[in-house]
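Data block below; observations after.
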Amino acid sequence: MFNDIGPLELVTLVVLAVLVFGPDKLPKVIQDVMRTVRKIREFSESAKQDIRQELGPEFKDFEFEDLNPKTFIRKQLDNEDLGLKEIRNGFDLKKEMAEVTDAVHSRDAEPPAAPGSSGARVDMTKKPDDRPPFDADAT
């Protein structure tokens, strides 16, 4: 719950609590706060159990943490039934990026084809010599 509070911040909170409530009232305040937190937790668990009972047996594996979109997506992506791990492992990003870079810089990724073969490459970097006619009245 408070994973991001450092030791200096914790000491500061304790000193501030002693100054605000005083050393004689501080134990009573802590007991009241803990009792309230306990009641809230019990109420929350009771509400979760009521919802699970109302949903029925087909939702017995339902987890409320799955309502968080990040958790839901992570759980679905880790699902073995979909075969996403094979797809992810079969995709080599470095190789794909190298091929794209070579294509952009007009480098041949594979050896040149023999003359007369039908595997001739089209140079997409050349601009056509003749332009389409421009019709000023049409625009």
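At a glance:
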quantity: Some residue of the range 68-75 being of a type outside the set (Lys, Arg), touching a helix residue (DSSP H, G or I) at 6+ places or on another chain (Cβ under 6 Å) and modelled with pLDDT of 70 or more; calculated: yes
quantity: Whichever residue in the range 1-54 is more than 31 Å from the chain's Cα centre (by Cα) and in contact (Cβ under 8 Å) with a residue 12 or more places away in the chain and, among such residues, is surrounded by the most Cβ atoms within 10 Å (Cβ to Cβ); calculated: Ala17
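The values are calculated or read from the model by the stated rules, or taken from the named source; none is laboratory data. All figures in this text were calculated on a predicted structure; none of them were measured in a lab. Using ideal geometry, Cβ is built from the backbone for each residue, glycine included, and neighbour counts are taken over all protein chains shown.
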